[in-house]
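Just so it is clear, none of the values below were taken in a lab; they were calculated from the coordinates. Values in this document were obtained by computation on a predicted structure and should not be read as measured data. Don't worry about glycine lacking a Cβ; one is built from the backbone with ideal geometry, like all the others, and counts go over all protein chains shown.
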Amino acid sequence: MPVDIDIAKVARLARLALSDEELDRYGRQCEVVLEHAALVQALTTDGVAPTSHPLPRTNAFREDLVIECLDREEVLSQAPDRDGDFFLVPRIHDEP
């Protein structure tokens, strides 16, 4: 079941400058993909419920654990300027 597509027109619409060799190669590749899509589309799906995924999916949740990797006070002691538990950085904008 051949599918007809004008690769030169598609390339022109996509603003791609393709050589004749590239047009031929991409044309053959698109033909294979579109023929496969046509075969899939021709399958009978009567009695098949629409799904977003072919297999049943469930979420696997885990408990969130907070693991502190650095001592906060040690890190903040290295900062050039700080306000309590926060780094102070220079303003970027002049407006408040």
(request) Taking the Cα centre of the chain as origin, work out the dipole magnitude from +1 charges on Lys and Arg Cβ and -1 charges on Asp and Glu Cβ, in debye rounded to 20. (result) 540 debye
(message) If I compute percent of Cα pairs over 16 Å apart from the structure I just sent, which labelled value in (i) 57; (ii) 53; (iii) 79 lines up?
(response) (iii)
(message) Taking 2.2 N^0.38 Å as the expected size of a compact globular protein, what ratio does the Cα radius of gyration of region 30-78 give against it, to two decimals?
(response) 2.66
(request) Can you tell me the relative contact order of the chain? Whole percent, Cα pairs under 8 Å, sequence separation 6 or more. (result) 19 percent
(request) Note the angle between two axes, namely the Cα long axis of helix 20-41 and the longest principal axis of the Cα atoms of the chain, as a number of degrees from 0 to 90, rounded to the nearest 10. (result) 90 degrees
(request) Could you sort 73-82, 22-31 so that the peptide with the highest average Cβ count within 10 Å comes first and the rest follow in order? (result) 22-31, 73-82
